[in-house]
Amino acid sequence: MGSRRHVLTAQQNILEVRCGPPGDISFQCYGHHGRVSCADLVQLTGDRLGVISGSADQTLRLWQARLPAAPDDEEGEEDSGRMGLEEPNRLTLLTPARTLRGHTESLTCLQVITGSTGVCIAATGGKERVLKLWGLAPLLPSPVHQPQIATLRGHGAPVTCLAPISEQQQGRPDSGAAGVGAAAGADAAPAAALVSGSLDARLKLWDVWNPACISTAKLPAPITQLGSIVDPLGLAPGALAQHAVLAAAGNAVHLLDVRSMRTELVAAQPERAEQVLCMAAWGTAVATGGRDGAARVWDLRMTAGAGAQQEPRLVLRDYRRQVSSIHMDRLKVVASTDEYGEAPLRVWDALSGRLLARLGSAPSRPCGTASGGGATRDLSHSRWPAGPASLEGAAAGGLGGGQGSAEAGEEGYQDEPAAGSDEEAREGWEGVTALACRGAVLVTGNSEGLICERDYRRGGLHEAGASCQLPQDGEVGVGEGVLGKFWRAADIH
């Protein structure tokens, strides 16, 4: 998709895809009759964008949008960026290109899988305890004539999460993707298999190309989330990164070796934290959030084989509310709560654990205005009925931006002005129901239906509680050494 970035959001039965800049445009997808529970974007050939969504109405729907050409020259990009801040976004309404039926209860999870030959299919899990495999025609060529490829049975409770397993993870040589897979722009390596997690506390490894269950692993608690280890810098040991899947079950995170289907406890929150509500991994670290208001960072190299008594490397405490969403990369940990209260969004340094910023779920100044590099934009075309928004991610390229500036007072994020009333003082206190971060762009959705994008490509954040005064000659600037590197262009994972 060139230099565009895409933000996919869902609230109730409506999906919205925001594309840009340059040339901001939005698509709203109508057609579901129940709450959207899972969705994903597929980059198609040329200027086409595909959306796949599952819902409580027991259907999987395919959508197709055509994007306008993005300007190539720098002047055109600057003009488009200014237009995106000052003018309303263009909105296009979409109807489904195809509706796929076969589930008998609500869909709970979705995973798009690309094979070694470039063929793309979709896997879905449902409350009726089964997985289904689907062809994606007319978005992409399908390997079969019928839309439904196979039904996979074996779980004894609702399926909650799915994770693809690459050929390298299974110990096979990577044969590479070609043809449709390259056109679809899949970021991950070709998938040889699929792991599913369920409330029956079982992990199952499936062969999706010759549909069958390969093996099963049992955990001590219902499984709520699966994740892979993101390691672009090659920090993790080969076996850890290439053959591992992380599974959140109860108050702990387990590491699954897909070659042997053996599991190992790598992180165990205290009992007061109850279950792991959210999980994110980067390199050799995994971050978790729980009900006790703390985010914890664990070093997988230290906890593997150490048992439940291993202590986390960092305990990040700044909440009295549960941590419901979390993001982690090489430089920062971003956590949020979905409960009402002051500054529901927190940012910490991933190495030292130092609190860097407390942010609201929405800025007190009007969205659509910029202060230096910390531009803030309202991505919502309307205030939909109150309810949680599901932010599927900030996808595609163009999110890295330029280097952050150490001159925080000139180009960094400016503190929000003091409020003149209790109502103004509480603006931005709504709980964060969705969080996505990639490089310099932070996108949040809150319980009032507001979806807000913060862009720090030209500057960083002030430290929590620090003054915004410009430094005098010879003095060190506020947060110097943090502001310049915090949203670095190379940090795009």
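A short reminder: the numbers here are calculations on the coordinates, not readings from a lab. Computed from a predicted model, the values in this text were never measured in an experiment. When we count neighbours, we look across all protein chains shown, and the Cβ atoms used for this are built from the backbone with ideal geometry, even at glycine.
Here are the numbers for the structure shown:
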| read-out | value |
| --- | --- |
| Distance between segment 27-70 and segment 257-277 - C-alpha centres, whole angstrom | 33 |
| FRET efficiency for residue 301 and residue 33, using Cβ-Cβ distance with R0 set to 60 Å, rounded to 0.05 | 0.80 |
| Linear extension gain, residue 47 paired with residue 93, 0.36 nm per residue minus alpha-carbon span | 14.8 nm |
| When segment 100-156 is reduced to its Cα atoms, the Kirkwood hydrodynamic radius in Å | 11.8 |
| Karplus (6.51, -1.76, 1.60) ³J(HN,Hα), θ = phi - 60°, over segment 191-208, in Hz, Gly and Pro reported as x | 8, 9, 7, 9, 10, 10, x, 9, 6, 7, 6, 10, 9, 10, 9, 10, 8, 8 |
| Gain in span if fully extended, residue 318 to residue 157, counting 0.36 nm per residue against the direct Cα distance | 54.4 nm |
| Long-range HN-HN contacts of residue 91 with modeled amide H, under 5 Å | 26 |
| Amide hydrogen neighbours beyond the local backbone of residue 201, cut-off 5 Å, H modeled | 223 |
| Karplus 3J(HN,Hα) series, Hz, for segment 150-166 with 6.51 cos²θ - 1.76 cosθ + 1.60 (x for Gly, Pro) | 6, 10, 10, 10, x, 6, x, 8, x, 7, 10, 7, 9, 8, x, 10, 6 |
| Exceeding the 27 Å Cα-Cα cut-off - candidates 127/218; 132/332; 127/332 | 132/332; 127/332 |
| Under-5 Å amide H pairs with residue 433, H placed in peptide plane, nonlocal only | 389, 445, 446, 447 |
| Linear extension gain, residue 448 paired with residue 218, 0.36 nm per residue minus alpha-carbon span | 78.9 nm |
